[in-house]
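Q: Below is the structure I would like to discuss, written out as structure tokens.
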Amino acid sequence: MNHKKNKTQDKEDKSRERPLISVEAAEKILAEFPVAVSIESVPLLAAQNRILAQDISAPFAVPEFDKSAMDGYAYNSADQSPAYLVLETIAAGIPPKFTIARSQCAKIMTGAMVPAGADRVVKRECTLEKDGVMQITAEDKNSNIRFRGEDLQTGQQVLAKGTLLQAAQIALLASLGLAEVPIARPPRVGIITTGSELVEPGTQAGPGQIYNSNFYSLAAQVNACGATPLAMGRIADDLEATTALIAACLAECDLLIISGGVSAGDFDFVPTAMKQAGVTLIFQKIAMQPGMPTVFATKGNKIVFGLPGNPVSTFVIFEIFIKPLIMRLMGHNFQPMILKTTLENDYRRSQAVRSVFLPVSVKNSRAAIIAYHGSAHLHALSQANALLRVPAGQLSIPAGSTVDVRYL
């Protein structure tokens, strides 16, 4: 009797499954999903590869003063004297002592403050100095002065909120005297891998077992986004244990990724476990290959993804859907690099119900589809530097066609 009730319940659950949605619909749902960015202040070097959380304006003009762009002599260009008395030598970081008058100049080093009365620096190679007197011996058409505010005016915005801080931006912030900067706190991304068949690298795999590559793939992808991956454990295919682990993990992370257990097999408990943990499922299937049984769900302000256990599916789903969302959690509007290339080989398929993402190798603006044996073929993925998307409804692409590829 209980067995019959369980089968009836299974049928009811399947009838209530959300329909297959398109890649475009899934992208739209995720792009419109509201997120809150948490802000923290960190030392300048700790901000590298992080996302700026507030606009930054120049606290002062850059340069702060008129400064010499050359080693040479500062003088007034209206003064056409045949020779100029050298009043002083001005080193970088030392303010001038004298104002320049007629028939006077100051020897000046690169980066030093230009003295009052001077509006030009003649470079040393165009001069001759003897006994404290300088003569201009060759024409120098440049003023050789970087004038105050030439680069930035006081209050001018220099970096916008959402900027990814890399070496050039770090240097700019340092030049403005900023020792700390406000950045978006990296989201804590929990990763659960499911499957009784999984063992960790470094241990001996038994008959029927495979190594847990999905955790390492996901953790590396999370790291590359600048977020913080959290190892939340590897769990066997057990509904009660999976439910308990999901509930516990949601208290520790902002976004939870569960790899495996989301399809329709006898031991795929993740969607049910999500529901029992109080998680609301937004969608469960995307019309794409690889990665159709992908779950997006929420609990309060916490985000949950359930991904297929096949390694290539896990990788592709992260790149297409999860990465942009993580970047938004850090205040950055991520846009993938999509470039036009020429397809080197023909592509054909027998059915076109779903969009398909193919690993390709792009070199010299030419894309070669990598021999691909399915969503567990990590070796093919490891040789790819881009993905080719073939939209639903398209059965073939002839060699020589111009195609858009998404760089990894």
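The values are calculated or read from the model by the stated rules, or taken from the named source; none is laboratory data. All of these numbers come straight from a predicted model, not from anything done at the bench. When we count neighbours, we look across all protein chains shown, and the Cβ atoms used for this are built from the backbone with ideal geometry, even at glycine.
Q: Against the definition (crowded, with 22+ Cβ neighbours inside 10 Å, under 23 Å from Val360 (Cβ atoms), in the same structural domain as Ala31 (by TED's automatic domain parsing) and modelled with pLDDT of 95 or more), how does Ile317 come out, yes or no?
A: Spelling it out, Ile317 is indeed crowded, with 22+ Cβ neighbours inside 10 Å, under 23 Å from Val360 (Cβ atoms), in the same structural domain as Ala31 (by TED's automatic domain parsing) and modelled with pLDDT of 95 or more.
Q: Could you please find all residues in region 54-82 being surrounded by fewer than 13 Cβ atoms within 10 Å (Cβ to Cβ) and not acidic (Asp, Glu)?
A: Listed by number, the residues that qualify are Ser77, Ala78, Gln80, Pro82.
Q: Of these, Lys130, Lys141, which one is assigned by TED's automatic domain parsing to the domain that holds Gly111, modelled with pLDDT under 95, out of contact with any Gly (no Cβ under 9 Å at 6 or more places or on another chain) and not acidic (Asp, Glu)?
A: Sole residue among the options that is assigned by TED's automatic domain parsing to the domain that holds Gly111, modelled with pLDDT under 95, out of contact with any Gly (no Cβ under 9 Å at 6 or more places or on another chain) and not acidic (Asp, Glu): Lys141.
Q: In region 279-292, is there at least one residue being surrounded by 22 or more Cβ atoms within 10 Å (Cβ to Cβ), at pLDDT below 95 and in a loop (DSSP other than H, G, I, E, B)?
A: Yes, region 279-292 has at least one match.
Q: Check whether at least one residue in region 119-137 is farther than 20 Å from Phe147 by Cβ and touching a helix residue (DSSP H, G or I) at 6+ places or on another chain (Cβ under 9 Å), and report yes or no.
A: yes
Q: Between Leu339, Leu325, which is closer than 23 Å to Leu20 by Cα and either touching a residue at least 40 places away in the same chain (Cβ under 8 Å) or aromatic (Phe, Trp, Tyr) (or both)?
A: Residue meeting the stated conditions: Leu325.
Q: Might you let me know whether region 118-129 holds any residue that is in a loop (DSSP other than H, G, I, E, B) and either small (Gly, Ala, Ser) or touching a Pro at 6+ places or on another chain (Cβ under 7 Å) (or both)?
A: yes
Q: Within region 138-186, how many residues are within 17 Å of Phe65 (Cβ to Cβ) and either touching a helix residue (DSSP H, G or I) at 6+ places or on another chain (Cβ under 7 Å) or among the hydrophobic types (A, V, I, L, M, F, W, C) (or both)?
A: 4
Q: List the number of the failed condition for Asp131; all other conditions in (1) loosely packed, with under 14 Cβ neighbours inside 10 Å; (2) within 30 Å of Ile303 (Cα to Cα) hold.
A: For Asp131, the exception is condition (2).
Q: Let me ask something else. Please name all residue pairs, on different chains or six or more residues apart, with Cβ atoms under 9 Å, provided the first residue is in region 268-284 and is farther than 15 Å from Glu240 by Cα and touching a residue at least 60 places away in the same chain (Cβ under 8 Å) and the second residue is surrounded by fewer than 16 Cβ atoms within 10 Å (Cβ to Cβ) and among the aromatic types (Phe, Trp, Tyr).
A: Hits for this filter: Ile282/Phe33.
Q: Do any strands (runs of 3 or more DSSP E) lying entirely in region 26-110 carry at least 3 residues that are among the aliphatic types (A, V, I, L, M) and more than 23 Å from Leu255 (Cβ to Cβ), and which ones are they?
A: 84-90
A quick yes/no check of all residues on (1) under 23 Å from Ser217 (Cβ atoms); (2) assigned to a loop (DSSP other than H, G, I, E, B); (3) within 23 Å of the chain's Cα centre (by Cα); (4) among the small types (Gly, Ala, Ser):
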{"site": "Val356", "(1), (2), (3), (4)": "yes, no, no, no"}
{"site": "His373", "(1), (2), (3), (4)": "yes, yes, no, no"}
{"site": "Ala384", "(1), (2), (3), (4)": "yes, yes, yes, yes"}
{"site": "Arg406", "(1), (2), (3), (4)": "yes, no, yes, no"}
